Amino acid sequence: MKVFEQFRLTDRVALVTGGSRGLGREMVLAFAHAGADVIITSRKLDACAALAGEVEATTGRRALAYACHVGKWDELDGLVDAAYREFGRVDILVNNAGMSPLYDKLIDVSEDLYDKVLAVNLKGPFHLTTLIGSRMAEGNGGSIINISSGAAARPRPDIVPYAAAKAGLNAITVGFAHAFGPSVRVNCIQAGPFLTDISKAWNMGVAGERLKTFALGRAGQPNEIVGAALYLASDASTYTTGAILAVDGGPP
């Protein structure tokens, strides 16, 4: 039983960006069921509030819904202020929010699209990690988890800006681990293809052929991110930092 207790998050406070749906939603629910209070943020307050109500009804934990665009630094300042005002601390930060707009050809990528992709996937996590990681380091420490993508290691022509941003996220994971250690652990989950809302935009014929080359031969279900997230958030991973953990079905 002591082994399983390492994964408990009793009375900790977890903030998850992009937390109202997909992988973020699964991590929010898992953290709450493990005993944490949660801060759920995305651009849609209604979706965050609905999940906050579900968390409180099913787990008894406190949940704060907060609307925020993670690509805008001034909005992140407000998010952090609200989190510390409500709970007094943040013990776990998950930089999960991301975006990868579709385009036909690389020549079609506008400066605006490029900037938006880099802002949400890299600039925002950088700033939020500096804000919260600094407070963690000055206090009782904590765990920061970045959600990257297999695209960081295996970029394709249709996701070049996204792949570049996620590769950058992998890099700052290691840099922040050194900057805020030893009391703050900073790790990264390099996620493969998951069947979330985003997968509805996939060309399933093309995706199906790609997935056949994976060791598991399929995409992941959203709840299959939970084991890795709980490991990195909890005391089960006290000697793990600066790690890039692939949860991707064993790609070729």
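Tell me, yes or no, whether segment 70-81 has at least one residue that is buried (at least 19 other Cβ atoms within 10 Å of the Cβ) and more than 30 Å from residue 158 (Cα to Cα). Yes, segment 70-81 contains at least one residue that is buried (at least 19 other Cβ atoms within 10 Å of the Cβ) and more than 30 Å from residue 158 (Cα to Cα).
The set of residues from segment 188-198 being of a type outside the set (Gly, Ala, Ser), in contact with a strand residue (DSSP E or B) (Cβ under 8 Å, 6 or more places away or on another chain) and over 14 Å from residue 227 (Cα atoms) comprises 193, 194, 195. Selection of segment 21-36 for residues being touching a residue at least 40 places away in the same chain (Cβ under 8 Å) and not in a helix (DSSP H, G or I) yields 21, 34, 36. The numbered conditions (1) over 27 Å from residue 36 (Cα atoms); (2) in contact with a Gly (Cβ under 7 Å, 6 or more places away or on another chain) are all true for residue 177 except (1).
When 83, 47 are screened for being part of a helix (DSSP H, G or I) and either among the basic types (Lys, Arg) or touching a residue at least 60 places away in the same chain (Cβ under 8 Å) (or both), only 83 passes. Among the residues making up segment 164-187, those that are in contact (Cβ under 8 Å) with a residue 12 or more places away in the chain, small (Gly, Ala, Ser), surrounded by fewer than 23 Cβ atoms within 10 Å (Cβ to Cβ) and assigned to a helix (DSSP H, G or I) are 164, 167, 168, 177, 179. Among the residues of segment 1-47, those identified as touching a Ser or Thr at 6+ places or on another chain (Cβ under 6 Å), hydrophobic (A, V, I, L, M, F, W, C) and either surrounded by fewer than 24 Cβ atoms within 10 Å (Cβ to Cβ) or modelled with pLDDT under 95 (or both) are 7, 47.
The values are calculated or read from the model by the stated rules, or taken from the named source; none is laboratory data. The shown structure was predicted, so the numbers you read here are calculated from the model rather than taken from an experiment. Counting neighbours? That spans all protein chains shown, and the Cβs are built from the backbone with ideal geometry, glycine included.
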